[in-house]
Amino acid sequence: MGFTGNHHDHTEHAEAALNHPYTRLTPDHVIAAVESTGRFSDARILALNSYENRVYQVGIEDEDPVIVKFYRPNRWSLLQIDEEHRYTRFLHDHEIPVVPPLVIDADSDWPTLGNYDDFRFSIYPRQGGRAPELDNLEHLHLLGRFIGRIHAVGQGFRFEHRIGMSLGSARENVDYLIQAGFIPPELEAAYHAISAEVLAAIEARRPDADIYQQISLHGDCHSGNVLWRDECPHFVDFDDAISGPAIQDLWMLLSGDIVQQQRQLMEIIEGYEMFHPFDVGELKLIEPLRAMRVLYFSAWLARRWDDPAFPMAFPWFNTERYWSEYILELKEILSGLQQAPITMPDI
């Protein structure tokens, strides 16, 4: 189910899309799942912007609406989802502004996980807020403080079932695009060459090396997963919680040129170190982590291409132009990896 230039691939894609599990997740299914937990819906339902899972706001009679997340089948195990839930509850109980799931069945082995028509789901209170202003140094300082608190408290909650960061996953993402036939034949040689160089450069500064403390992380701490309310950041969506180096939860807050990023880092780390020490040696991991995210993103789109929501949301993906530009992007990523890492001499 690869490159779109093949008529057979179009047919195969259409068949896979029709058979995708999420096609069964109709509004009636969503409401029935919520009502199976003892809540009575007012039938108001709003699909929220989520692709990896399906997320809806559902109105409840005489109560505030709730947010319902239906987990992508066969992605995480029950143990992994439960551990994510227990982690967010642990942080919440230590007065960290996160949004843990509500209890669905206190007597169940998985108290915060519902099960309806073979879909696992969780329910959250609705949380209002706006995105943080990443060009606002005061916001960055506060983000640093709260992420420092998450990491400090998280020392008391070590993951046993969530995955750890691994260079192996980056290699798997590179290989998948070739093996599944997504790279156009005329670009395969160029893709092989540049991806091999990028992987080698990541290998030279690998984030999963033993010299870096691997701690419990949010894992996907970008501005879309932070809601600013009451002059405070609230952290949502721990679906990608992972063990790894602290910088993973910080680098996605950076933007602009090197001078701007250094100023931003000073604010973030100054706030961070009010609650947790920061290893400045991890600054050299920013470009490898950025590279791993770029490698992940294209492979993620490819792996999800049989999900009918993806071709609609990402119509520019899997065209010859996309792959040509992707190879150019990998060359830019390689250039960043070959430059001297960002430094913070004033810390």
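Annotations
- Among the residues of the stretch 106-131, those that are out of contact with any Phe, Trp or Tyr (no Cβ under 9 Å at 6 or more places or on another chain), free of Cβ contacts under 8 Å to residues at least 60 places away in the same chain and of a type outside the set (Ser, Thr, Tyr) comprise 106, 107, 109, 110, 111.
- Residues considered: 99, 55. Of these, the only one that is without any contact (Cβ under 8 Å) to a residue 24 or more places away in the chain and touching a strand residue (DSSP E or B) at 6+ places or on another chain (Cβ under 6 Å) is 55.
- Subset tally (residues that are charged (D, E, K, R), at pLDDT below 95 and part of a helix (DSSP H, G or I)) for the stretch 306-347: 1
- Residues of the stretch 211-251 that turn out to be under 11 Å from the mean Cα position of the chain (by Cα) and free of Cβ contacts under 8 Å to residues at least 60 places away in the same chain, as a count: 6
- Residues (in contact with a Ser or Thr (Cβ under 8 Å, 6 or more places away or on another chain), part of a loop (DSSP other than H, G, I, E, B) and either acidic (Asp, Glu) or crowded, with 17+ Cβ neighbours inside 10 Å (or both)) located in the stretch 158-181: 159, 162, 165
- Pairs where the first residue, in the stretch 132-156, is charged (D, E, K, R) and the second is in a helix (DSSP H, G or I), C-beta under 6 Å, 6+ apart: 133/139; 145/271
- Of all the residues in the stretch 204-226, those that are surrounded by 16 or more Cβ atoms within 10 Å (Cβ to Cβ) and assigned to a helix (DSSP H, G or I) number 2.
- Residue count for the stretch 117-133, restricted to those that are more than 18 Å from the chain's Cα centre (by Cα) and in a loop (DSSP other than H, G, I, E, B): 7.
- Among (1) under 26 Å from residue 211 (Cβ atoms); (2) small (Gly, Ala, Ser); (3) in contact with a Leu (Cβ under 9 Å, 6 or more places away or on another chain), the one test that residue 152 misses: (3)
- Count of residues meeting criterion [in a loop (DSSP other than H, G, I, E, B), surrounded by 14 or more Cβ atoms within 10 Å (Cβ to Cβ) and not hydrophobic (A, V, I, L, M, F, W, C)] in the stretch 255-290: 2
- Subset of the stretch 1-37 (residues that are assigned to a loop (DSSP other than H, G, I, E, B), at pLDDT 95 or above and either small (Gly, Ala, Ser) or surrounded by 17 or more Cβ atoms within 10 Å (Cβ to Cβ) (or both)): 36
- Cβ-Cβ under 9 Å pairs, at least 6 apart or on other chains, the stretch 309-330 side on the phi > 0 side of the Ramachandran plot, far side of a type in the set (S, T, N, Q) and not in a helix (DSSP H, G or I): 318/4
- Test result for residue 51, closer than 21 Å to residue 299 by Cα, at pLDDT below 95 and not in a loop (DSSP other than H, G, I, E, B): no
- Long-range neighbours under 7 Å by Cβ, at least six apart or interchain, first residue within 16 Å of residue 173 (Cα to Cα) within the stretch 183-199, second part of a loop (DSSP other than H, G, I, E, B) and at pLDDT 95 or above: 191/183
- The lone exception for residue 73 - which of (1) at pLDDT 95 or above; (2) under 18 Å from residue 309 (Cβ atoms); (3) touching a helix residue (DSSP H, G or I) at 6+ places or on another chain (Cβ under 6 Å) it fails: (1)
- The residues on offer are 158, 126, and the sole one that is of a type in the set (D, E, K, R) and within 30 Å of residue 38 (Cβ to Cβ) is 126.
The values are calculated or read from the model by the stated rules, or taken from the named source; none is laboratory data. Owing to the predicted nature of the structure, the values given are computational and were not obtained by experimental measurement. Every residue, glycine among them, receives a Cβ derived from its backbone with ideal geometry; neighbour counts consider all protein chains shown.
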